[in-house]
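Structure, as structure tokens:
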Amino acid sequence: MSTPVFPPHEDRRHHTAHRRADTTPDRRGAVRRPWVRWLVIAGRDLAIALGAVIAIVFAVRRTHPIFANQPSVVARLTKTAPAVTRTMIGPTASDTSRLARMMASPQFEKDRKAFAADLVHTGRMNPARADSVAYYAVRESYIDGIPPAVVFGVMLTENSRFVSGAQSNVGAVGLMQVYPKVWLKALSSKFGKDLATDSTNLKYGIYILKQYIKSDSGRVTPSAVGTGLLHYNGCVLGKNTPNCKSYPNKVRTYVESLGGSICGDKTFYDCIAKPFVAGLFGGSGSGGSAQTQ
């Protein structure tokens, strides 16, 4: 076998140099400039996006989706929610409630504000609580046909510091000093049992006043007020509590001295004997008295 013959080392190197110098394109082709490559990519992406838009427009026009040209969900809810609410809740009680009509009257708001102002004027109740107490006091006064001035005077006579949970030595409780042993059984199903709550206590106290301050005609008269206040105090015969017959005068003193907003410049009896929200209780206002339910 013959031995292969290779050119000398110098000749092989010279041959390689000539190959590098050869400018003939190889199989990889010519190298592109960078800006040309990015231009090609951008053109391709633009073509894809344009094709997608054309496809969507074609699909919408040809298939007519059921939600096309429909109002938004929020718009539909805004439009239909009030109707649903009316259907579920029904007409409000204010349309037919006698109490709601009374409370919507200008006279109620006037009496409530006056009651609250006089409570604050005592210096023993802050405005926020005075507004709450005045609201319930005047509302229950309207319900039971008792002048608010009477309620104001009784409250101060019974509990001049306005302590909600106050309890007397005989067990009377709250703003109006209601006796649980006497009244809970009779009225708890109607008003609840928590006599230490202002609103509940006022319901009891004003309802009890209604039972006592009334004449045979069902009207509140000056003489009926005096007799009713004695009964409220438990001073029927005056044997158990000395000087209990002075109770109506104490109520009167509080009203005349601290009830300036409620009664203005009127005396105690002028204040409570005038027609009480005439027309709302169905009374004619004759005889200068208020009519109960």
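The values are calculated or read from the model by the stated rules, or taken from the named source; none is laboratory data. Only a predicted model underlies this, so the values are computations on that prediction, with no experimental measurement involved. Ideal geometry is used to build each Cβ from the backbone, glycine not excepted, and the neighbour counts take in all protein chains shown.
Some points to look at:
- Subset of the stretch 97-134 [under 17 Å from G174 (Cα atoms) and crowded, with 18+ Cβ neighbours inside 10 Å]: L119, M125, A130, V133, A134
Conditions (1) within 38 Å of the chain's Cα centre (by Cα); (2) outside any loop (DSSP other than H, G, I, E, B); (3) exposed (fewer than 12 other Cβ atoms within 10 Å of the Cβ); (4) modelled with pLDDT of 75 or more, marked per residue:
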position	(1), (2), (3), (4)
G234	no, no, no, yes
N240	no, no, yes, no
P248	no, yes, no, yes
D265	yes, no, yes, yes
D270	yes, yes, no, yes
P275	yes, no, no, no
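- V151, sole failed condition from (1) in a loop (DSSP other than H, G, I, E, B); (2) crowded, with 21+ Cβ neighbours inside 10 Å; (3) touching a Ser or Thr at 6+ places or on another chain (Cβ under 6 Å): (1)
- Set S257, S168: member being closer than 23 Å to V120 by Cα, of a type in the set (G, A, S) and either at pLDDT 90 or above or in contact with a Leu (Cβ under 8 Å, 6 or more places away or on another chain) (or both): S257
- For the stretch 156-179, the count of residues that are out of contact with any Gly (no Cβ under 7 Å at 6 or more places or on another chain), in a helix (DSSP H, G or I), within 17 Å of R252 (Cβ to Cβ) and not charged (D, E, K, R) is at least one.
- Subset of the stretch 196-215 (residues that are β-branched (V, I, T), closer than 13 Å to V154 by Cα and under 22 Å from the mean Cα position of the chain (by Cα)): none
- Sub-9 Å Cβ pairs linking a first residue in the stretch 232-243 that is under 16 Å from G205 (Cα atoms) and small (G, A, S) to a second residue that is surrounded by 12 or more Cβ atoms within 10 Å (Cβ to Cβ) and at pLDDT below 80, at least 6 apart or interchain, are G234/T241, ordered by first then second residue.
- Any hit, the stretch 146-167, residues being farther than 28 Å from S261 by Cβ and either touching a strand residue (DSSP E or B) at 6+ places or on another chain (Cβ under 6 Å) or polar (S, T, N, Q) (or both): yes
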